[in-house]
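Take a look at the structure below.
Rule-based calculations on the coordinates, nothing more; no lab input. Because the structure is predicted, anything quoted here is derived from the model rather than measured. Cβ: placed from backbone, ideal geometry, glycine included. Neighbour counts: every protein chain shown.
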Amino acid sequence: MSIDPIPPLDDPPPAEECLCRQVLIAEDDPMFRRILQSWLKGWGYKVTVAEDGAQAWESLQQEPSPELLILDWVMPEVNGLELCRRVREVQRSPYQYIMLVTGKDAKQDIVTGLEAGADDYITKPFDRDELQARLRVGNRILTLQRGLIAAREEVAYQATHDLLTGIWNRRAVLDFLHRECERASRGHGSLAVLMLDVDHFKRINDTYGHLTGDDVLREVANRIVANVRSFDLVGRYGGEEFLIVLPGCDEAQVSQSADRIRMAIASAPIVIENTNIPVTASIGATVAPLVPIATQTEILLAADQALYQAKRNGRNRVSVLLTQNTIVTR
Ligand code: GH3
Ligand code: MG
Ligand code: MG
Ligand code: MG
């Protein structure tokens, strides 16, 4: 029969237990502060200490802010309870887990502490194993929280981005257009929209294969993005069509903006695995009238009509459908 070895008392916890978390210890009593600091360091935490509430509040303003806070209740300047309230008021993300350390153990005090925003409390003099176990609870919650944030961000990304090109998807670009229409209607500047369609893309697929066609679409997206301003929005509208929303762009600038994009695609062949593939695109552009602002549907319809004209006029060109329905092709 074998006997399990008794683990030594001071064994550090497995690394995943505390994930090297940043912890703030705010404690005005030098002895308790030293004990906490030495235990937590031994358990693998990255520890910052504060000797009073004001110092603690200052540490909490640093980036990255600690995720786990161990706050003494009674401290000079700002007490632990007030710190809890302030932290919860700011509602930082990611969530900060607060353990209140207190000599008070009356039921009402505990309720007050938890209601101020503490997640847990421990009473002095505290037991080492109990503190370690309670910190494990905090870590579990913070790990869950991290997972939730990552999952939420992933879902938000998937819902708004095009998988193939990584640019905004149809839904996102239409949402953006909707918001920009509303902004423009409140008198905040003009709004231009470009609808871009790759010319004879079917031929590219037929000649080089669908996978190369995908690579061409990625590069077309890159070239468009590289030729707009940071606050313009480029989205994949469908298949080989892209929608570009240019806030603040007026009739005088729209042809130039659209032509810069057209040229960026046409001026050099797209190179996929040592094969030069000449690619061109046609662009239909429109500028929304300011008063009264055109509806989103009217804007899309105008851009689509202008695109149709650009195709009819020979492709690899820009057509602008102005507000009075004048078509200018270049
Ligand atoms: P035009 O100049 O008139 O626009 O001609 P076109 O060949 O570009 O237009 P058409 O609408 O006939 O063909 C578009 C092609 O784009 C057909 C479709 O199979 C292809 N396509 C749509 N989405 C994708 C995609 O994600 N990847 C690839 N490789 N091809 C796609
Ligand atoms: Mg104190
Ligand atoms: Mg098309
Ligand atoms: Mg096409």
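Summary table below
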{"item": "Within the chain: Cβ-based charge dipole about Cα centre, in debye rounded to nearest 20 (Lys, Arg +1; Asp, Glu -1)", "result": "1440 debye"}
{"item": "Size of electric dipole in the range 15-159: Cβ of Lys, Arg +1 and of Asp, Glu -1, about Cα centre, debye, nearest 20", "result": "320 debye"}
{"item": "Interchain or long-range residues, amide H under 5 Å from V47's placed H", "result": "V23"}
{"item": "Potential lengthening between K104 and R152 on full extension [0.36 nm per residue; Cα-Cα distance subtracted]", "result": "13.4 nm"}
{"item": "In the chain, lysine pairs closer than 30 Å at Cα, eight or more apart or cross-chain", "result": "7"}
{"item": "Sequence ranges 88-96, 137-145, 53-61, ranked by mean other-Cβ count within 10 angstrom, highest first", "result": "53-61, 137-145, 88-96"}
{"item": "Among Q61, L164, V111 - extreme Cα towards positive end, dipole of the chain, charges at beta-carbon", "result": "L164"}
{"item": "Gaussian network model of the chain, Cα within-10 Å springs - most flexible of E63, E240, E182", "result": "E63"}
{"item": "Charge dipole (debye, nearest 20) of the range 103-178; +1 at Cβ of Lys and Arg, -1 at Cβ of Asp and Glu", "result": "100 debye"}
{"item": "Beta bridge orientation in the chain: antiparallel %, DSSP, nearest 5", "result": "55 percent"}
